[in-house]
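A short write-up of the structure that comes next.
The values are calculated or read from the model by the stated rules, or taken from the named source; none is laboratory data. Being a predicted model, the structure only gives us computed values, none of them experimental. Cβ placement follows ideal geometry from the backbone for every residue including glycine, while neighbour counts extend to all protein chains displayed.
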Amino acid sequence: MIIDLTNCDREPIHIPGGIQSHGFLIAIDHKCHITYHSDNVNAYLKGAPANLLGEDVKIIEPYFDQQEPVSFIGQLITIGKVSGFEQINPFIIHIQGQPFHLIISISDDNYLLEFEPAASDHNNDIQKTIGRSISEMLADKNLQSLLNNSAVQVKNVIGFDRVMVYRFAPDGHGEVIAEAKNDNLPSWLGLHYPASDIPKQARELYKKNLTRLIANVNVLPSAIITSATQAATPLDLTCSHLRAVSPVHIQYLKNMGVQSSFSISLLYKQELWGLIACHNYTPRFIDYRSRESAKLIGQILSSALEFRQDEENQQTMERYKNAVDQLSRYMLKDDRIEDALTSHSPSLMDVVNADGAVLMLENHTIRLGETPDDDQLKDLLSWVKNNIVDSLYYTSNLSAVYPQAAPYKNTVSGLMVSTLSRELDEYVFWFKHEQVKTVNWAGNPNKPVELSPEGERILSPRNSFEVWSETVASTSVDWSNEEVKSVIRLRSEIAYALNQKAGAIRLLNEKLKQAYEELDTFSYTISHDLKNPLTAVKSYAQILMRDKTLSPQALKALSRINAGADKMNSMIGEVLDYSRIGRADLVFTEVETRTMIEEHAREIALIYEVDPTVVTIGNTPAIQGDRVMISQVFANIISNAIKYSRSSPDQRVTIDATENEQEVVYTVTDNGLGIDIKQLPRIFELFNRMDNVGDIEGTGVGLAIVKRIIEKHRGKIWVDSELGKGTTFYISFHK
């Protein structure tokens, strides 16, 4: 296959068809018959047949020096299937007087048996030094010091010539952020490497196999052989320790002068944060136990990184949250909302890390910090109105999407805009300065194109690693997730304050009120009237389904009609509920919520066939409201939490509340699918469903109903979520 520059990310490195030849591999099926093996087996098992395919794995046992019990490999498989192979790996055997490790893992319908030397090429006793090294690593409280010391400790443990901590950027490229090396080597600290140096599929494998050893780039791999019937299904070596290396990567290492490499994955919230990348300029083999000890360093460093990063994120979130909370109090206390947002400390500037802000509200334009001038702002507003459809938009490179901003990129390279009312030209803008920086690349990041003899473009790994500098301009510091969530929360608080202050005036507008009521009545009437013909459609479909003469295709079509009628009936019911809320009068009482919440949790857990103990109910203070509507709110929110966390391995739903003199705030937290941060602003819109819910049942009406009920109670509801991690809904009730 010719690997060109456009398909490098699709190179199938998990099925390379070979292994590194410092060991050998045998794959067996569930009956312990050999289905694949490397072609170097008889180089280790002297006298063994060159072709073992189809044989019972017991055929290789006589070639081990110390006789294990008969069928001991089969017994190991049986034990591993029950307790996990990590409990038995590695198993010591001897071949011609030399100790070998047998490492067992799973590959689709096969078990991989990997045999590799049990002795490393160095004399360090990693397991004796690991404890001291970890203690010294964790002594550092500063993140950069932790990274620097981690590189030093890993070098002390495995003895490689160069050890680097390599961090991935959001676009996939990497940077060396810490380093420990031999004195005679040049420093690579601060160098950047393009994303194509470690392509996407390689990064995915680093998440599954936390260590990766390339023992000797100069030794040819051993091919994996199989039967003709199996040849169309290459052996998946994702979990293999001996997996052969892409020829492109081998050449890449040779171009660097590296003859052996070892990497340890660093994860943050199950995603690849970076690598501890180790290079040696002579061949070097590290045995399995030593690699596992080194992996422990990576896991502990990952935990430390996650703890420190979470601690930093939490401090940032608390700072932004306190600013939004204070602004909310100002808005309810001050006569003019624009003064509340701009005349105090904290102000609009403090809900994000911005250099300037502009508030356009109630026909006033108020500037804070450094902002575009009047003409520039007018043009920017026009561009936003004509091009931005989302209620929240942000970029760190404004001139790339709006070239007219180039003349004032020093002031505005980063833009975040929250739309309050497009019709009234009410917006909040935040700006970040340009941050010019020089990026030092290890060679030109643009891979050169070479042509094959046939004139086709082929991939050639870089062979020049001299420092290549690039100046990056017209960009600002990226907007963080914490800033995005802060602005979403502030937008909700501004909307609430506007409704509180302008509600009386707006409700006096009889035409608007009349139009609203007529529309509400219309939606109720048409939804109600649709039920009769829909019932008729469903009944006729059911009658026809009883006709035994109909073909299977016709019965299938009638079944779909029946299911569609049920779904439409459910949607009509929810639309009726939504319209009733507008007409219903509230009956305020003190609602004791605990029994209500417990009943909902129990019933919903039964519906979705989950263990009721996954729901933890904490503090449940009483609230003032309409009992029926409040019950509907909790039913919807708890149902979503249980429904969208069912696929989580350790499903958890927590319901709790806090209170002060002014309000009671309930929280419902799950560890389910989560919501993409870009979709958070639309979460309460009617018929809006998230992209990641797949085939999970729902109509997108429930949260719209909840929001309408909460607003009718003059309360507030907002959400915090992270995709793949879970969601928390906050519901605030006045006392």
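Considering only the stretch 581-589, I want to know if a residue exists there that is surrounded by fewer than 15 Cβ atoms within 10 Å (Cβ to Cβ), modelled with pLDDT under 65 and within 30 Å of T658 (Cα to Cα). So far as the stretch 581-589 goes, yes, one or more of its residues are surrounded by fewer than 15 Cβ atoms within 10 Å (Cβ to Cβ), modelled with pLDDT under 65 and within 30 Å of T658 (Cα to Cα). Look at (1) modelled with pLDDT of 90 or more; (2) closer than 19 Å to F285 by Cα; (3) not aromatic (F, W, Y) and you find that A119 fails only one, number (1). Of everything in the stretch 78-90 that is hydrophobic (A, V, I, L, M, F, W, C) and surrounded by fewer than 18 Cβ atoms within 10 Å (Cβ to Cβ), the residue that is nearest to V57 (Cα to Cα) is I79. So, of the residues in the stretch 20-77 that are charged (D, E, K, R) and part of a helix (DSSP H, G or I), which turns out to be surrounded by the most Cβ atoms within 10 Å (Cβ to Cβ)? Among those residues, the one meeting the criterion is E61.
Among the residues of the stretch 247-261, is there at least one that is under 19 Å from I297 (Cβ atoms) and not charged (D, E, K, R)? Quick ask: steps written out before the conclusion?
Filtering the stretch 247-261 down to residues under 19 Å from I297 (Cβ atoms) leaves 260-261.
Now narrow it down to the ones that are not charged (D, E, K, R): 260-261.
Yes, because at least one residue in the stretch 247-261 is under 19 Å from I297 (Cβ atoms) and not charged (D, E, K, R).
Can you work out which of the residues in the stretch 711-735 that are closer than 19 Å to P681 by Cβ and of a type in the set (A, V, I, L, M, F, W, C) is surrounded by the fewest Cβ atoms within 10 Å (Cβ to Cβ)? Looking at residues that are closer than 19 Å to P681 by Cβ and of a type in the set (A, V, I, L, M, F, W, C), I get L723. Every condition in (1) under 25 Å from N481 (Cβ atoms); (2) part of a loop (DSSP other than H, G, I, E, B); (3) touching a residue at least 24 places away in the same chain (Cβ under 8 Å) holds for L368 except the one numbered (2).
Only strands (runs of 3 or more DSSP E) whose full extent lies in the stretch 383-471 are considered here, and the ones with at least 2 residues that are modelled with pLDDT under 60 are 437-442, 449-451, 457-459. Scanning the stretch 377-416 for residues that are of a type in the set (S, T, N, Q), within 17 Å of T475 (Cβ to Cβ) and within 25 Å of the chain's Cα centre (by Cα) yields T395, S396, N397.
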